[in-house]
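Notes for the one structure printed next.
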Amino acid sequence: MKDLLNYTLKELEDKMMTEGFKKFNARQIYQWTYKKKETDFTNMSNLSKNLRAYLKEKFVINTLTLKIRQLSNDGTEKFLFELEDGNIIETVLMRHDYGLSVCVTTQLGCNMGCSFCASGLYKKTRDLTTSEIVSQVYTIEQLIKERVSHVVVMGIGEPFDNYDNTMRFLKIINSPHGQEIGARHMTVSTSGLPKQIRAFANEDFQVNLAISLHAPNNKLRTKLMKINETYPIEEVLDAVKYYIDKTNRRVTFEYILLKGVNDDKSLANELSDLLRGINCYVNLIRYNSVKEFDYEGTEDDTANTFKDQLLKRGINATLRQEKGSDIDAACGQLRSKELD
Ligand code: SAH
Ligand code: SF4
């Protein structure tokens with residue numbers, strides 16, 4: 001763990017103390033690193049010479065190497081970064097009226113096998129380390145010299161299949177002494193792994209949870225998401241109810257609208273029956289076509305009918321406007337074309 005970006009503040013404080021430095025030094029280092037984006041320990045001028053020498057010998061701050069930066073018509077940007085081992089990852093920056101949000105990648109490839117998703121075209125080769133996830137936000141802030149206010153964990157990979165590193169990432173960027181991104185400004189999206197949803201409920205963390213549902217019954221959901229064979233809807237919803245009971249927070253269900261597949265009005269009825277009584281809202285997502293698959297996105301009229309049907313039956317729903325679709329930068333649509 002040479003990379004400083006791997007350390008939570010608490011861990012760095014412990015490290016400082018075991019190494020004979022002061023606990024508050026950790027905060028100073030965090031402030032230099034995250035608030036001032038200083039990556040050279042020599043320049044951390046309020047630290048003792050001793051400490052600076054120690055840091056220089058024992059630590060690095062690894063920013064990612066930018067390979068390609070692509071700008072979309074709506075201001076969304078996609079960054080291709082090279083990791084230390086030569087692997088390439090994608091991270092997306094979106095500009096909203098409420099601030100800047102970054103969509104991070106958590107794994108190289110994904111093993112969940114969703115039949116519509118470009119990320120799943122590549123099996124997972126490894127999990128990203130904590131610092132590799134932290135560094136996506138860090139490097140982008142350094143490049144654009146603007147503050148990122150929101151983070152969504154919706155890039156390549158299943159974050160709950162890399163649970164520990166994802167949690168550490170969230171804790172690190174949440175620290176008020178460092179990156180200071182509010183927990184309520186962060187969202188983790190999962191394909192629905194019950195054990196980890198329960199663990200997440202027990203974290204005592206205000207981070208938002210989104211569950212990729214995409215279908216109101218097991219037959220259809222299994223067709224779209226292979227993981228549903230292992231964790232069917234009932235098990236996912238049991239875990240979600242546990243999360244809501246424990247945290248008192250509202251959950252988002254994501255539902256990609258696929259033309260002629262899951263967008264029939266009768267399925268909106270089934271969905272509303274399934275979710276009735278659960279403190280949630282449904283985020284209807286426009287599908288961005290992926291050339292390897294035959295799926296098409298639902299047309300606007302049908303999408304609105306689906307949404308209205310949910311609303312009519314008492315389920316909160318919104319139809320999400322995708323950003324960056326012209327550069328394949330929509331969340332969940334990422335894949336390093338460099339690999340093709
Ligand atoms: N693995 C996690 C997080 C990454 S995917 C998950 O599945 O939740 C983030 C979201 O983007 C998911 O809801 C996913 O279903 C959706 N998505 C995947 N491919 C998409 C596409 N081509 N167009 C629109 N949304 C897509
Ligand atoms: Fe993996 Fe999420 Fe894509 Fe499914 S939608 S293959 S879980 S990244």
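The values are calculated or read from the model by the stated rules, or taken from the named source; none is laboratory data. The structure displayed is predicted, hence computed values, not measured ones. Virtual Cβ from ideal backbone geometry, glycine too; neighbours counted across all protein chains shown. These accessible areas exclude ligands, DNA and RNA; they are computed on the full protein's heavy atoms, side chains included. Shrake-Rupley method; radii C 1.70, N 1.55, O 1.52, S 1.80 Å.
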*Between a first residue in region 200-213 that is part of a loop (DSSP other than H, G, I, E, B) and a second residue that is more than 16 Å from ligand 2 (Cβ to nearest atom) and open to solvent by 10 Å² or more (accessible area, probe 1.4 Å), which pairs have beta carbons less than 6 Å apart while being 6 or more apart in sequence or on different chains?*
205/183; 206/183; 206/184; 207/183
*asked:* Pairs please, first residue from region 90-106 and at positive phi, second anywhere and open to solvent by 10 Å² or more (accessible area, probe 1.4 Å), Cβ atoms under 9 Å, 6+ apart in sequence or on different chains.
replied: 99/147; 99/149; 99/150; 99/185
*One residue from 85, 74 being within 16 Å of ligand 1 (Cβ to nearest atom), assigned by TED's automatic domain parsing to the domain that holds residue 144 and outside any helix (DSSP H, G or I)*: 74
_List the residue pairs whose Cβ atoms are under 6 Å apart, where the first residue sits in region 243-267 and is β-branched (Val, Ile, Thr), the second is assigned to a strand (DSSP E or B) and within 16 Å of ligand 2 (Cβ to nearest atom), and the two are 6 or more positions apart or on different chains._
251/209; 252/210; 252/283; 256/285
*Does region 80-87 contain at least one residue that is within 16 Å of ligand 2 (Cβ to nearest atom) and either buried (at least 23 other Cβ atoms within 10 Å of the Cβ) or within 17 Å of residue 67 (Cβ to Cβ) (or both)?*
no
_Tabulated pairs, region 126-139, first open to solvent by less than 10 Å² (accessible area, probe 1.4 Å), second assigned to a strand (DSSP E or B) and of a type in the set (Phe, Trp, Tyr), C-beta under 9 angstrom, 6+ apart or interchain_ = 135/81; 136/79; 136/81; 139/79; 139/81
*Within region 143-167, how many residues turn out to be of a type outside the set (Ser, Thr, Tyr), part of a helix (DSSP H, G or I) and surrounded by 19 or more Cβ atoms within 10 Å (Cβ to Cβ)?*
6
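So which of 34, 98, 54, 122 ends up being under 20 Å from the mean Cα position of the chain (by Cα) and not assigned by TED's automatic domain parsing to the domain that holds residue 290? Reasoning before the result, please.
Working: 98 fails: not assigned by TED's automatic domain parsing to the domain that holds residue 290; 54 fails: under 20 Å from the mean Cα position of the chain (by Cα); 122 fails: not assigned by TED's automatic domain parsing to the domain that holds residue 290.
Being under 20 Å from the mean Cα position of the chain (by Cα) and not assigned by TED's automatic domain parsing to the domain that holds residue 290 holds for just one of 34, 98, 54, 122, which is 34.
Among the residues of region 220-264, what is the count of those that are in a helix (DSSP H, G or I) and either touching a Ser or Thr at 6+ places or on another chain (Cβ under 6 Å) or under 14 Å from residue 115 (Cβ atoms) (or both)?
At the first step, the residues of region 220-264 found to be in a helix (DSSP H, G or I) are 220-224, 227-230, 233-247.
Retained after the next criterion (residues that are either touching a Ser or Thr at 6+ places or on another chain (Cβ under 6 Å) or under 14 Å from residue 115 (Cβ atoms) (or both)): 220-224, 227-229.
Residues meeting the conditions: 8.
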*Filtering region 265-280 down to residues that are open to solvent by 10 Å² or more (accessible area, probe 1.4 Å) and part of a helix (DSSP H, G or I), which residue is nearest to residue 115 (Cα to Cα)?*
267
*Go through (1) over 13 Å from the mean Cα position of the chain (by Cα); (2) more than 30 Å from residue 28 (Cβ to Cβ); (3) in a helix (DSSP H, G or I); (4) touching a residue at least 12 places away in the same chain (Cβ under 8 Å) and name the single condition residue 171 misses.*
(2)
